[in-house]
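**Q** My questions all concern the structure below.
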Amino acid sequence: MARPRYHVVATLPVAWWARRRLGNVGVWALVAMGILIDGDHLADWAWMRVTGRRDKFLSPLHSWELLALTSVTAAWLRRGRPRNRGVVAQAAAGIAFGWWLHMFQDLATNRPDHAGAYSIVNRIWHGFDRDSSGWKGHKTFHQWGNTPWWTWL
């Protein structure tokens with residue numbers, strides 16, 4: 001599983017490369033989103049701690065749909081009038097870029113059964129059931145669930 005420390009290693013060089021294109025605010029947003037998106041796994045961790053079960057995949061930010069909406073918003077802000085290309089547009093572009101980077105890292109390293117495992121609509125459709133939504137063959141799914149939260153970092 002791509003834990004936050006691995007996202008740091010992969011995200012920082014990309015942020016350095018993108019700094020001229022995104023600006024300072026955009027680069028910080030890229031770094032924050034590329035790494036901190038994993039905070040949504042705390043919902044899974046809480047579910048496991050409360051129920052003792054590892055049968056759900058909640059992680060609401062690991063969603064192609066929310067990523068697409070953010071990307072469209074970022075593109076719209078960057079193509080607006082010059083007054084709209086300021087800090088908000090830089091932040092939105094950085095968030096979208098960092099989010100894409102994170103999702104592709106997760107797709108490559110976590111190897112779900114299919115890319116739809118990261119679809120919030122797919123997970124809702126299957127009642128957030130881990131196996132039905134695309135993680136059936138992963139016996140070590142959220143193996144960190146019975147440990148203190150910081151061991152996941």
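**Q** Do we have any residue at all in the range 88-95 that's of a type outside the set (Gly, Ala, Ser) and surrounded by fewer than 17 Cβ atoms within 10 Å (Cβ to Cβ)? Even if it seems obvious, please write down each step before you answer.
**A** Applying the first criterion (of a type outside the set (Gly, Ala, Ser)) to the range 88-95 yields 88, 90, 95.
Cutting the leftovers down to surrounded by fewer than 17 Cβ atoms within 10 Å (Cβ to Cβ) gives us 88.
Yes, that holds for at least one residue.
**Q** Which of the helices (runs of 4 or more DSSP H) contained wholly in the range 50-153 include at least 1 residues that are modelled with pLDDT under 90 and of a type outside the set (A, V, I, L, M, F, W, C)? I'd like the intermediate steps shown before the answer.
**A** Details: elements: 64-78, 87-110, 120-125.
Helices (runs of 4 or more DSSP H) meeting the threshold: 64-78, 87-110.
**Q** Right, Phe57: surrounded by 13 or more Cβ atoms within 10 Å (Cβ to Cβ) and within 20 Å of Arg130 (Cβ to Cβ) or not?
**A** Values: surrounded by 13 or more Cβ atoms within 10 Å (Cβ to Cβ): yes; within 20 Å of Arg130 (Cβ to Cβ): yes.
Here the answer is yes, as Phe57 does meet what is asked.
**Q** While we're looking at this one, here's another question. Under 23 Å from Arg5 (Cα atoms), in contact (Cβ under 8 Å) with a residue 40 or more places away in the chain and touching a Pro at 6+ places or on another chain (Cβ under 7 Å) - does that describe any residue in the range 22-37?
**A** There is at least one residue in the range 22-37 that is under 23 Å from Arg5 (Cα atoms), in contact (Cβ under 8 Å) with a residue 40 or more places away in the chain and touching a Pro at 6+ places or on another chain (Cβ under 7 Å).
**Q** Shifting gears a bit: If you check Thr11 against the conditions, is it free of Cβ contacts under 8 Å to residues at least 24 places away in the same chain and on the phi < 0 side of the Ramachandran plot?
**A** On the way: free of Cβ contacts under 8 Å to residues at least 24 places away in the same chain: no; on the phi < 0 side of the Ramachandran plot: yes.
Spelling it out, it is not the case that Thr11 is free of Cβ contacts under 8 Å to residues at least 24 places away in the same chain and on the phi < 0 side of the Ramachandran plot.
**Q** Regarding Asp40, is this residue closer than 15 Å to Asp129 by Cα and either part of a helix (DSSP H, G or I) or not basic (Lys, Arg) (or both)? Give the derivation first.
**A** Working: closer than 15 Å to Asp129 by Cα: no; either part of a helix (DSSP H, G or I) or not basic (Lys, Arg) (or both): yes.
Criteria not met by Asp40.
**Q** Identify the residue in the range 29-44 that is crowded, with 18+ Cβ neighbours inside 10 Å and among the hydrophobic types (A, V, I, L, M, F, W, C) and, among all such residues, is nearest to the chain's Cα centre (by Cα). Even if it seems obvious, please write down each step before you answer.
**A** We begin by selecting, within the range 29-44, every residue crowded, with 18+ Cβ neighbours inside 10 Å; these are 29-31, 33-35, 37-38, 41, 44.
So of that shortlist, the ones also among the hydrophobic types (A, V, I, L, M, F, W, C) come out as 29-31, 33, 35, 37.
Details: Ala29: 13, Leu30: 11, Val31: 12, Met33: 7, Ile35: 8, Ile37: 5 Å.
Checked the range 29-44; the qualifying residue nearest to the chain's Cα centre (by Cα) is Ile37.
**Q** Can you confirm whether the range 102-110 contains a residue that is over 21 Å from Ala43 (Cβ atoms), surrounded by fewer than 19 Cβ atoms within 10 Å (Cβ to Cβ) and of a type outside the set (Phe, Trp, Tyr)?
**A** We begin by selecting, within the range 102-110, every residue over 21 Å from Ala43 (Cβ atoms); these are 104, 108.
After this cut, where a residue has to be surrounded by fewer than 19 Cβ atoms within 10 Å (Cβ to Cβ) as well, the list is 104, 108.
Add one more test, that the residue is of a type outside the set (Phe, Trp, Tyr), and what stays is 108.
Yes, some residue in the range 102-110 is over 21 Å from Ala43 (Cβ atoms), surrounded by fewer than 19 Cβ atoms within 10 Å (Cβ to Cβ) and of a type outside the set (Phe, Trp, Tyr).
**Q** Please find, among Trp17, Trp47, the residue that is assigned to a helix (DSSP H, G or I), surrounded by 18 or more Cβ atoms within 10 Å (Cβ to Cβ) and without any contact (Cβ under 8 Å) to a residue 40 or more places away in the chain. So that I can check it myself, show each step before the final result.
**A** On the way: Trp17 fails: surrounded by 18 or more Cβ atoms within 10 Å (Cβ to Cβ).
Exactly one of Trp17, Trp47 is assigned to a helix (DSSP H, G or I), surrounded by 18 or more Cβ atoms within 10 Å (Cβ to Cβ) and without any contact (Cβ under 8 Å) to a residue 40 or more places away in the chain, namely Trp47.
The values are calculated or read from the model by the stated rules, or taken from the named source; none is laboratory data. Bear in mind the structure is a predicted one, so any value in this text is a computation, not a measurement. Cβ sites come from the backbone with ideal geometry, for glycine too, and all protein chains shown count toward neighbours.
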